[in-house]
1. Is the range 26-79 rounded, prolate or oblate when judged by the Cα gyration tensor, a ≥ b ≥ c being the square roots of its eigenvalues, rounded requiring a/c under 1.5 and prolate requiring a/b larger than b/c?
2. What list of ³J(HN,Hα) values in whole Hz, one per residue of the range 62-68 in order, does the Karplus curve 6.51 cos²θ - 1.76 cosθ + 1.60 (θ = phi - 60°) give from phi, with Gly and Pro shown as x?
3. Carbon and sulfur atoms: what percent of the 1.4 Å accessible area of the range 1-91 do they account for?
4. Amide H of GLY123 versus every other amide H placed in the peptide plane: which residues, excluding those fewer than 5 positions away on the same chain, fall under 5 Å?
5. Can you give me the solvent accessible area of PHE7 with a 1.4 Å probe, rounded to the nearest 10 Å²?
Amino acid sequence: SSRRVLFRSLETREVVQLTDVTGGASMASISPDGTSIAFIGLADENWPLYTAPLGESPVTLEDAAVVSSDPDSQHILPHWSPDGTEILVSQNHSDGTVKILVFDSLGIEEPVVLSDAASITFGWTADGSGIHIGTTTLDGALDLGTVNLAELTVEYLDVPLDFLVAAWAPDDS
């Protein structure tokens with residue numbers, strides 16, 4: 001069977017089909033310049049991360065490049081960097097740990113591993129110099145912070161509240 005990624009045009013209100021992938025595609029993310037798509041393939045149990053150029057026809061797996069595939073994990077929630085050169089993704093492992101990985105958009109360079117935790121919410125800083133993270137560690141601690149990508153250091157916020165999902169304002173405040 002084939003599952004498609006569909007979007008509705010805000011201008012015309014028409015439904016636009018972006019993928020036609022045997023086994024399914026999910027969690028699509030369009031590059032900032034609108035020329036590429038990152039998505040998770042659902043045909044394999046490990047849910048690999050793909051990228052492909054967008055064109056006149058829906059993207060198929062033949063059009064796509066595998067950015068990351070790991071037989072012991074599943075990839076979820078790809079996010080393009082603000083400049084469209086990198087992709088942030090969560091890699092969920094069978095032991096319950098989650099890694100935040102940053103790949104170049106073609107998966108050529110080794111990924112940067114930003115965090116190991118039990119669950120994660122994340123997103124790029126407005127200028128792309130860092131990653132905002134919200135983690136639940138294996139011992140149940142809740143942490144919010146920002147990873148500086150140049151130094152791979154994390155600055156945590158002192159937040160006394162429990163959270164399920166974290167989001168940051170467009171100005172990173």
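The values are calculated or read from the model by the stated rules, or taken from the named source; none is laboratory data. Keep in mind that what you see is a predicted model, and the values were worked out from it rather than measured. When the accessible area is computed, the model is the full protein with side chains, heavy atoms only, and any ligands, DNA or RNA have been set aside. Shrake-Rupley method; radii C 1.70, N 1.55, O 1.52, S 1.80 Å.
1. Note, shape of the range 26-79 comes out prolate.
2. Values per residue, Gly and Pro as x: 5, 7, 9, 10, 6, 8, 8 Hz.
3. So the carbon and sulfur contribution to the accessible surface is 47 percent.
4. HN-HN under 5 Å from GLY123: HIS132.
5. Probe radius 1.4 Å; accessible area of PHE7 about 80 Å².
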